[in-house]
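Each remark here refers to the structure printed beneath this line.
The values are calculated or read from the model by the stated rules, or taken from the named source; none is laboratory data. Because the structure is predicted, anything quoted here is derived from the model rather than measured. With ideal geometry, Cβ positions are generated from the backbone for all residues, glycine too; neighbour counts draw on all protein chains shown. Calculation scope for accessible area: heavy atoms of the full protein, side chains included, ligands and nucleic acids excluded. Shrake-Rupley method; radii C 1.70, N 1.55, O 1.52, S 1.80 Å.
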Amino acid sequence: DVYKRQTRYAVMINADHKVIIILNTKRMLAKLISATRHLTRFKACLFPILTRPVSFANREAKETALEVKSLESLAQNLMKEYQLEKENYVEFTEGKDFLAASSFTLTESPNNTEMKLIREVDKKIVELRYNAREPPAYENEEEEKSQDEGEGKEIDKEKEEEKINSMIDVFILVKNEDGSGILFHCMTSNAKLNIMTVGCHKDVEATMKLGQSNGKPPYIGPNFAALDDRLQKSFYNYLETLGVNEKLLAFVEFSAIEKEQKLYMSWLQNVKEFVEH
């Protein structure tokens with residue numbers, strides 16, 4: 001089915017589909033012939049399956065029964081999981097007490113993972129942004145003890161990785177009325193704050209959006225750990241004067257975990273309702 005001419009062109013006529021393809025190099029022609037052979041083998045493998053005689057009435061009945069059974073099983077398991085989570089759920093009442101006594105206001109939406117704590121200090125807006133997260137997985141004490149005795153340094157390394165995974169990303173924005181200010185990227189674990197970077201920007205909100213997009217990232221400041229120890233301590237003291245203290249960080253961590261729990265329970269209900277209707 002392939003014809004060569006004395007020119008630089010080759011013409012292939014596909015007898016099945018009446019398609020004429022013009023190629024301008026011998027190399028492309030060789031590729032086309034190879035692809036045609038692969039397609040022939042592909043058809044030879046699949047056509048027997050596709051053309052196998054099937055009783056459509058029996059097939060539809062079987063598929064319907066299987067679908068109903070699968071949906072019922074899925075709905076039942078979703079309900080069991082939801083009931084288990086609901087029974088074990090403990091409301092974070094201490095968080096409400098903390099907010100009532102604090103000058104921070106919590107802002108969140110039911111179907112969004114982002115959470116914000118906002119307050120005003122000396123005409124500056126202080127805002128903490130973080131997201132819901134799953135609770136870290138801790139091993140029980142007996143397993144941890146036996147592993148420590150048997151594996152030594154490897155366990156220490158795993159613990160260090162686990163500690164990093166249990167941290168929560170927190171962005172602290174300190175803004176003037178014109179939108180300019182300082183952006184702290186921090187991580188917190190066990191109510192301990194670790195500053196990663198400190199950037200100063202003319203438009204903090206625009207910088208946040210740009211950092212989350214695929215655009216050119218703004219300068220976020222030097223490596224904080226490389227700064228002079230006295231300068232590092234001054235930044236930590238500055239945040240503490242703004243109300244970013246141990247109690248607030250504990251609230252951040254607990255509220256992030258509780259938020260994820262609420263989202264998970266809501267997800268279970270929504271999926272169950274979907275498969276039942």
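How about the stretch 77-91: which of its residues are open to solvent by 70 Å² or more (accessible area, probe 1.4 Å) and at pLDDT 90 or above?
77, 80, 83, 84 - these are the residues of the stretch 77-91 that are open to solvent by 70 Å² or more (accessible area, probe 1.4 Å) and at pLDDT 90 or above.
For the stretch 249-277, which positions are in contact with a helix residue (DSSP H, G or I) (Cβ under 8 Å, 6 or more places away or on another chain) and open to solvent by less than 50 Å² (accessible area, probe 1.4 Å)?
Of everything in the stretch 249-277, those that are in contact with a helix residue (DSSP H, G or I) (Cβ under 8 Å, 6 or more places away or on another chain) and open to solvent by less than 50 Å² (accessible area, probe 1.4 Å) turn out to be 251, 255, 258, 261, 265, 268, 271, 272, 275.
Would you pick out the residues in the stretch 182-205 that are of a type in the set (A, V, I, L, M, F, W, C) and in contact (Cβ under 8 Å) with a residue 24 or more places away in the chain?
Hits for the stretch 182-205 are 183, 184, 191, 193, 195, 196, 198, 204.
Of all residues in the stretch 218-277, how many are within 28 Å of residue 90 (Cα to Cα) and of a type in the set (Ser, Thr, Tyr)?
Counting residues in the stretch 218-277 that are within 28 Å of residue 90 (Cα to Cα) and of a type in the set (Ser, Thr, Tyr) gives 3.
I'd like to verify a number: residues in the stretch 229-248 that are part of a helix (DSSP H, G or I), farther than 17 Å from residue 198 by Cβ and open to solvent by less than 80 Å² (accessible area, probe 1.4 Å), how many?
Residues in the stretch 229-248 being part of a helix (DSSP H, G or I), farther than 17 Å from residue 198 by Cβ and open to solvent by less than 80 Å² (accessible area, probe 1.4 Å): 1 in total.
Could you tell me how many of the residues in the stretch 92-105 are open to solvent by less than 60 Å² (accessible area, probe 1.4 Å) and closer than 15 Å to residue 257 by Cα?
So the answer is 2.
So which pairs qualify, if the first residue must be in the stretch 121-142 and open to solvent by less than 30 Å² (accessible area, probe 1.4 Å) and at pLDDT 90 or above, the second must be basic (Lys, Arg) and not in a strand (DSSP E or B), the Cβ gap must be under 7 Å, and the two must be at least 6 apart or on different chains?
132/259
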